[in-house]
Amino acid sequence: MSPTPSALAFVPFVSVDNMMKIVHSIGLNEVLKEMVGYIEHDFRRWELFDKTPRVASHSKEGVIELMPTSDGEVYGFKYVNGHPKNMSEGFQTVTAFGVLARVDNGYPVLFSEMTILTALRTAATSAMAAKYLAPKGARTMAMIGNGAQCEFQALAFQAVLGIDTVQIYDIDPQATEKAARNLADSGLKVIKCSTPHEAIEGAEIITTCTADKQYATILTDNMVGPGVHINAIGGDCPGKTELHRDILLRSDIFVEYPEQTRIEGEIQQLADDHQVTELWEVVSGTAKGRSSEGQITLFDSVGFAIEDFSALRYVRDQLSRTGFFTELDMVADPDDPRDLHGMLRRAQ
């Protein structure tokens, strides 16, 4: 007779379907606001975490990465890819899944899809950074790049900062139409633009989120006036940028983890000793964010493992609240820890 799995063998699993049910049961805007709180909390205890640049395997088609971290009690990692060519072949550009585990015994406590969750945490992180860096009372955001992340960004800035107008542009008009359609009932005023110049006109916040794996100039220096906040989230690997170097030289630059951002972010265009401020220092009150009306602030965001850890923590804490998960028999747990072979034999 096959042995019955013990309670320790089961691990909660959040599928794509479960994730969508969790979001809808709580409400997308509420999820984004609550996730901001989790990320903010972990940024305030940043120094507790293990930190390392993500482990990346690059190819001519894209990149596959592992993003690990631990706060000493819980360990987490995310598997994620980035393949710009995927969209033209009918695949997602980014897919991901993640794990949380106990540090004291190594047992996993959560498996989760992270394709949707990464979109949520990226938007939440952008909005959290803008709380400290964007002009006070900002109401208009430009969104350049209208792919999978676009709507999440717009809704996060609406929920957290009170943005009421988003001016959208993409090199592909169909992407802009898609975004406008999805945001039609959001309460946002959505303005479809035919050029990047048109999109940024009058915007206090400029978000760039394009997918091409190349050095690109989405924004030129003459396009950026004083007092704006730039949320540059498209850069995520060596050789991929969106901003002209001269914009960086005029901006106060804020990053997640310099050792990773200098490899992957906009600042890969600058000298290794160029001054940047770590965002956790601003959140914890040890460094200044926006300090003047004319200041150009730039969040050079490439995504960091602690943000994924925060997002996974958030999902774990919603399981009892929503009930949307599946128990997977994932851990071999014999009655006698030394007798794994005997457990296998008894399953015949």
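The values are calculated or read from the model by the stated rules, or taken from the named source; none is laboratory data. It should be emphasised that the depicted structure is a prediction, and the values quoted were computed from it without experimental measurement. Every residue, glycine among them, receives a Cβ derived from its backbone with ideal geometry; neighbour counts consider all protein chains shown.
Yes or no: Phe299 assigned to a strand (DSSP E or B) and closer than 28 Å to Glu65 by Cβ? Considered against the rule, which asks whether it is assigned to a strand (DSSP E or B) and closer than 28 Å to Glu65 by Cβ, Phe299 comes out as yes.
This table checks each residue for (1) buried (at least 17 other Cβ atoms within 10 Å of the Cβ); (2) of a type in the set (Val, Ile, Thr).
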| site | (1), (2) |
| --- | --- |
| Val23 | yes, yes |
| Leu32 | yes, no |
| Val36 | yes, yes |
| Asp50 | no, no |
| Lys60 | no, no |
| Glu65 | yes, no |
| Gly82 | yes, no |
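Do we find a residue being of a type in the set (A, V, I, L, M) and either out of contact with any helix residue (DSSP H, G or I) (no Cβ under 9 Å at 6 or more places or on another chain) or in a helix (DSSP H, G or I) (or both) anywhere in region 137-151? The answer is no, given that none of the residues of region 137-151 is of a type in the set (A, V, I, L, M) and either out of contact with any helix residue (DSSP H, G or I) (no Cβ under 9 Å at 6 or more places or on another chain) or in a helix (DSSP H, G or I) (or both). In summary, Gly289 fulfils each of the numbered conditions (1) of a type in the set (Gly, Ala, Ser); (2) surrounded by fewer than 20 Cβ atoms within 10 Å (Cβ to Cβ); (3) touching a helix residue (DSSP H, G or I) at 6+ places or on another chain (Cβ under 6 Å) with the single exception of condition (2). Of all the residues in region 241-264, those that are outside any helix (DSSP H, G or I) and among the charged types (D, E, K, R) number 3.
Within region 179-196, the residues that satisfy the criterion of being outside any loop (DSSP other than H, G, I, E, B) and loosely packed, with under 14 Cβ neighbours inside 10 Å are Arg181, Lys189.
Filtered by the rule that a residue be out of contact with any Ser or Thr (no Cβ under 7 Å at 6 or more places or on another chain) and either among the β-branched types (Val, Ile, Thr) or part of a loop (DSSP other than H, G, I, E, B) (or both), region 325-348 gives Phe325, Met330, Val331, Ala332, Pro334, Asp335, Asp336, Pro337, Arg338, Asp339, Gln348. Anything in region 322-339 that is within 13 Å of Pro5 (Cα to Cα) and not acidic (Asp, Glu)? List them, or say none. Scanning region 322-339 gives Leu328, Met330, Val331, Ala332, Pro334. It is to be established whether one or more residues within region 325-332 are in contact with a Phe, Trp or Tyr (Cβ under 8 Å, 6 or more places away or on another chain), at pLDDT 95 or above and under 19 Å from Ala124 (Cβ atoms). No, because not a single residue in region 325-332 is in contact with a Phe, Trp or Tyr (Cβ under 8 Å, 6 or more places away or on another chain), at pLDDT 95 or above and under 19 Å from Ala124 (Cβ atoms). Condition check: at pLDDT 95 or above, among the polar types (S, T, N, Q) and under 18 Å from the mean Cα position of the chain (by Cα). Does Gln158 satisfy that? So Gln158 fits the description; yes.
Taking first residues from region 66-92 that are in the same structural domain as Arg102 (by TED's automatic domain parsing) and over 17 Å from Ala56 (Cβ atoms) and partners that are of a type in the set (A, V, I, L, M, F, W, C) and surrounded by fewer than 17 Cβ atoms within 10 Å (Cβ to Cβ), the Cβ contacts under 8 Å between residues at least 6 apart in sequence or on separate chains come to Ser70/Val103; Asp71/Leu48; Gly72/Leu48; Gly72/Val103; Glu73/Val103; Val74/Val103; Val74/Val109; Tyr75/Val103. Scan region 215-233 and give yes if some residue there is of a type in the set (D, E, K, R), at pLDDT 95 or above and not in a loop (DSSP other than H, G, I, E, B), otherwise no. No: region 215-233 contains no residue that is of a type in the set (D, E, K, R), at pLDDT 95 or above and not in a loop (DSSP other than H, G, I, E, B).
Considering only region 237-260, I want to know if a residue exists there that is among the aromatic types (Phe, Trp, Tyr) and under 18 Å from Gly145 (Cα atoms). No, there is no match, as no residue in region 237-260 is among the aromatic types (Phe, Trp, Tyr) and under 18 Å from Gly145 (Cα atoms).
Filtering Ile171, Ile163 for residues that are farther than 24 Å from Lys33 by Cα, part of a loop (DSSP other than H, G, I, E, B) and not assigned by TED's automatic domain parsing to the domain that holds Pro337 leaves a single hit, Ile171.
Please tell me if Glu281 is outside the structural domain of Pro68 (by TED's automatic domain parsing), in contact with a strand residue (DSSP E or B) (Cβ under 7 Å, 6 or more places away or on another chain) and either of a type outside the set (Ser, Thr, Tyr) or surrounded by fewer than 24 Cβ atoms within 10 Å (Cβ to Cβ) (or both). No, not satisfied. The selection criterion, being in a loop (DSSP other than H, G, I, E, B) and either out of contact with any Leu (no Cβ under 9 Å at 6 or more places or on another chain) or not assigned by TED's automatic domain parsing to the domain that holds Gly137 (or both), does not hold for Gly289.
All of (1) modelled with pLDDT of 95 or more; (2) in the same structural domain as Val23 (by TED's automatic domain parsing); (3) not acidic (Asp, Glu) hold for Ala129 with one exception: (2). Scan Gln260, Gln268 and give me the residue that is at pLDDT below 95 and farther than 23 Å from Thr69 by Cα. The unique qualifying residue is Gln268.
Listed here are the residues, each with its yes/no results for (1) in the same structural domain as Gly187 (by TED's automatic domain parsing); (2) in contact (Cβ under 8 Å) with a residue 12 or more places away in the chain; (3) over 30 Å from Pro258 (Cβ atoms).
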site	(1), (2), (3)
Val11	no, yes, yes
Met19	no, yes, yes
Ile22	no, yes, yes
Val31	no, yes, no
Ile39	no, yes, no
Phe43	no, yes, no
Asp50	no, yes, no
Lys60	no, no, no
